[in-house]
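Engineer: Below is one structure. I have some questions about it.
The values are calculated or read from the model by the stated rules, or taken from the named source; none is laboratory data. Bear in mind the structure is a predicted one, so any value in this text is a computation, not a measurement. Positions of Cβ are generated from backbone atoms using ideal geometry, with glycine treated the same way; all protein chains shown enter the neighbour counts.
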Amino acid sequence: MLRFLVRRSLLVLPSLLGLLVLTFVLMRVVPSDPAAALAGETASAQQIEQIRVKYGFDRPLPEQFVIYLGQMARGDLGISVFSNRPVAQDIGYALPATIELTFCALLLAALIGIPLGTLAAVWHNSPLDHAIRMLTVAGLAVAGFWLAIMLQLLFAMDLGWLPLRGRLASTLTAPPDISGLFLVDSLLAGRFDLFGNALSHLAMPAFTLAVPGIATIARFTRAGVLETMQKDFVAYETAVGYAPARLVAIYVLRNSVVAAVTQIGLLFGALISSAVAVERIYDWPGIGSYAVTAILNLDYNAILAVTLTVGIIYAVVNILVDLAHGLIDPRVAEQM
Amino acid sequence: MLALRKFLRDTPATIGLGIVLACILVAALGPCLAPYPDDAFESHILQRLKPPSAEFPFGTDNLGRDVFSRVILGTRYALGVALMVVSIAMALGVPLGLIAGYRGGWLSEAIMRVTDIVLAVPQLILAVVLAQLLKPSLESAMLALAATYWPFFCRTVYAETRRVRSALFVDALEGIGASPWRIMFLHILPNAASPIIVRATIGMGFTILTAAVLGFLGMGATPPLPDWGLAIAESRQYLPESWWFATFPGLAIFLAVLGFNLLGDGLRDFVDPRLRRSR
């Protein structure tokens, strides 16, 4: 297992290097004159020249790339032009918010998607199955940012059940920062009022992000369970007289969710993409909101850092998914 | 005809086909169908933010324009953008996938590694960054979306090419001295046609969705274009009173994407039941 983990992590390195090349190309080669773009439209030729020298844009591209690699290796992501703080610090603040949000969204997607998919498969071709399949198709077609606005309209503005935006009511102060995740920190501090408030703020954004996930997971679980139900061992266990509910919940499901778990890794990319617009609508102070601000302000260092961070998280999630396979399926674990 | 009948037996796919055809029709005839075709660019401040009525079925927006007309007129932009993006992505990805799959060696490695890297960042993030760096406009948004979608075509074609390359007819063609280009484009490509068509159909839905996000974030279409995503962004300040302004453009996105997704899924099951996976 450990050997697998090390080997799998090493495999990520080439694609990380590729990611660095990609971001470098994006930032330095795509804009015709990065210094002018950075200086803004009102800058004089002299100001542009100063920026060019300051950021090293006047040196040859290969040299710039080596300097850039050195900075990244030291974890030096530079200063954000917009917030005037080190980018690493900004990211450190925004990342836990996004992790909390996306993790809850994935959890919600699995908790709703797997039972839905199983129900659809067990009673396949029934009206219930058709209804669930319609839901899954609809879930993949709905635009996250629009769903976010519709949920806000209904639950926050009209019914007033849930808070409209933010991570915590403005009258409350955040729990002491231990993990950066409000749900965890508030529990560690023993503040159940904060926990409840954070949870109510999390509900709509997490559900919005979870919707395409619910659809995908339900779909793959349905297909997996249907396939497993055809296996000989299921016929045998049915004949021996296992209760159908127990059979499905314990034996069939474990043999069926591997494909759905793989989807979680792929889903994560969709989640982060969706988070860009959704976080903005709910004023969720995460990576997505930060990315939009950075991009709209052409904050080069911040854009770069966001792209890299997301790429790294993406790689890590995929390693975790591989490990999860091993936990679900001992045959996979043996090959690790 | 038999194939068509078999396809039509798949109810969801038939619904998808119907929605897609309806979208194409609306896109083509937009100005004739819209009750106020001039509302794409004109404004009537006196009638701003009117709720849905017989006169304005979807209500009016902040500049007094008929939301129903703008949703109809927006169809052309949405489909046009998606078609452009998918075509450019296809024009890039298909030849690269063919070359990588047929040639092998370092060139193949290089192409597929670049594909991996582009796929290592979520598509929207890359598209948003690229669109903004290229100066925000509809054209940049299309280029950015195409630049991030081609790897999907490349992978699909690569896999098919690898499968077909060892077939006897390719050996035979090489034996009688057919040029590699001829083999790739005239003989291998037709074998990969069905997965490409499926990928393109699903890509249409996906691109409509992503382009709407770009429009919403202000990195795609610019006012006063009747873009769906842009309209939803503009509507946000007028909530909750003017709910119709945000609701109907979103429903249009939903319907169009739903149509292409259903059709794509149906086509996939139809041409190749083995391919029942990926998005």
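Engineer: Show the residue pairs that are 6+ apart or on different chains and have beta-carbon atoms under 8 Å apart, the first residue being within the range A:251-269 and at the interface with another protein chain (Cβ under 9 Å from one of its Cβ atoms) and under 20 Å from A:P330 (Cβ atoms), the second being surrounded by fewer than 22 Cβ atoms within 10 Å (Cβ to Cβ) and not small (G, A, S).
Structural biologist: Pairs that qualify, where the first residue is at the interface with another protein chain (Cβ under 9 Å from one of its Cβ atoms) and under 20 Å from A:P330 (Cβ atoms) and the partner is surrounded by fewer than 22 Cβ atoms within 10 Å (Cβ to Cβ) and not small (G, A, S), are A:A259/B:R277.
Engineer: Is there a residue in the range A:289-306 that is within 13 Å of another protein chain (Cβ to nearest Cβ), in contact with a Gly (Cβ under 9 Å, 6 or more places away or on another chain) and at positive phi?
Structural biologist: Yes, because at least one residue in the range A:289-306 is within 13 Å of another protein chain (Cβ to nearest Cβ), in contact with a Gly (Cβ under 9 Å, 6 or more places away or on another chain) and at positive phi.
Engineer: Which one is nearest to B:G259 (Cα to Cα), of the residues in the range B:16-73 that are among the small types (G, A, S) and assigned to a loop (DSSP other than H, G, I, E, B)?
Structural biologist: By that ranking, first place goes to B:A34.
Engineer: Sticking with this structure for a sec: Is it the case that the range A:27-45 has a residue that's at pLDDT 75 or above, polar (S, T, N, Q) and outside any loop (DSSP other than H, G, I, E, B)?
Structural biologist: No, that holds for no residue.
Engineer: Here's something else I'd like to know. Please go through the range A:12-25 and pick out each residue that is loosely packed, with under 14 Cβ neighbours inside 10 Å and away from chain B (no Cβ under 11 Å).
Structural biologist: A:L13, the sole residue that qualifies.
Engineer: Condition first: within 14 Å of chain A (Cβ to nearest Cβ), modelled with pLDDT of 85 or more, under 24 Å from the mean Cα position of the chain (by Cα) and farther than 30 Å from B:D10 by Cβ. Can you find one or more residues in the range B:254-270 that meet it?
Structural biologist: No - not one qualifying residue is present in the range B:254-270.
Engineer: Within the group B:V121, B:V94, which residue is modelled with pLDDT of 90 or more and aliphatic (A, V, I, L, M)?
Structural biologist: Going through B:V121, B:V94 in turn, the sole match is B:V94.
Engineer: For the range A:266-336, which helices (runs of 4 or more DSSP H) that fit wholly inside it have 1 or more residues that are in contact with a Pro (Cβ under 9 Å, 6 or more places away or on another chain) and at pLDDT below 80?
Structural biologist: A:300-328
Engineer: Scan the range B:41-59 for residues that are buried (at least 20 other Cβ atoms within 10 Å of the Cβ) and in contact (Cβ under 8 Å) with a residue 24 or more places away in the chain and jot them down.
Structural biologist: Within the range B:41-59, B:F58, B:G59 meet the criteria.
Engineer: If you go through the range A:65-91 one residue at a time, how many are assigned to a helix (DSSP H, G or I), in contact (Cβ under 8 Å) with a residue 40 or more places away in the chain and not small (G, A, S)?
Structural biologist: 7
Engineer: Can you find a residue that is touching a residue at least 12 places away in the same chain (Cβ under 8 Å), of a type in the set (G, A, S), surrounded by 23 or more Cβ atoms within 10 Å (Cβ to Cβ) and in contact with a Gly (Cβ under 9 Å, 6 or more places away or on another chain) anywhere in the range A:216-238?
Structural biologist: Within the range A:216-238, one or more residues are touching a residue at least 12 places away in the same chain (Cβ under 8 Å), of a type in the set (G, A, S), surrounded by 23 or more Cβ atoms within 10 Å (Cβ to Cβ) and in contact with a Gly (Cβ under 9 Å, 6 or more places away or on another chain).
Engineer: Of the numbered conditions (1) under 30 Å from B:D171 (Cα atoms); (2) touching a helix residue (DSSP H, G or I) at 6+ places or on another chain (Cβ under 9 Å), B:W106 satisfies every one except a single condition; which is it?
Structural biologist: Unmet condition: (2).
Engineer: Same structure again: Would you check if there is a residue in the range A:213-222 being at the interface with chain B (Cβ under 9 Å from one of its Cβ atoms) and not acidic (D, E)?
Structural biologist: Yes, the range A:213-222 has at least one match.
Engineer: Among the listed residues A:G190, A:G160, identify the single one that is surrounded by fewer than 18 Cβ atoms within 10 Å (Cβ to Cβ), away from chain B (no Cβ under 14 Å) and on the phi > 0 side of the Ramachandran plot.
Structural biologist: So the residue among A:G190, A:G160 that is surrounded by fewer than 18 Cβ atoms within 10 Å (Cβ to Cβ), away from chain B (no Cβ under 14 Å) and on the phi > 0 side of the Ramachandran plot is A:G190.
Engineer: Would the range A:124-132 turn up any residue that is part of a helix (DSSP H, G or I) and surrounded by 18 or more Cβ atoms within 10 Å (Cβ to Cβ)?
Structural biologist: Yes; the residues of the range A:124-132 include at least one that is part of a helix (DSSP H, G or I) and surrounded by 18 or more Cβ atoms within 10 Å (Cβ to Cβ).
Engineer: If I ask for residues that are touching an Asp or Glu at 6+ places or on another chain (Cβ under 6 Å) and either free of Cβ contacts under 8 Å to residues at least 12 places away in the same chain or among the hydrophobic types (A, V, I, L, M, F, W, C) (or both), which ones from the range B:193-235 would you list?
Structural biologist: Within the range B:193-235, B:A221 is the sole residue that qualifies.
Engineer: When you look at B:A22, is it over 20 Å from B:R268 (Cβ atoms) and more than 19 Å from the chain's Cα centre (by Cα), yes or no?
Structural biologist: No; evaluated as a whole, the condition is false for this residue.
Engineer: Which residue, of A:F182, A:F195, A:F155, A:F233, is more than 13 Å from chain B (Cβ to nearest Cβ) and out of contact with any helix residue (DSSP H, G or I) (no Cβ under 6 Å at 6 or more places or on another chain)?
Structural biologist: Answer to the check: A:F233.
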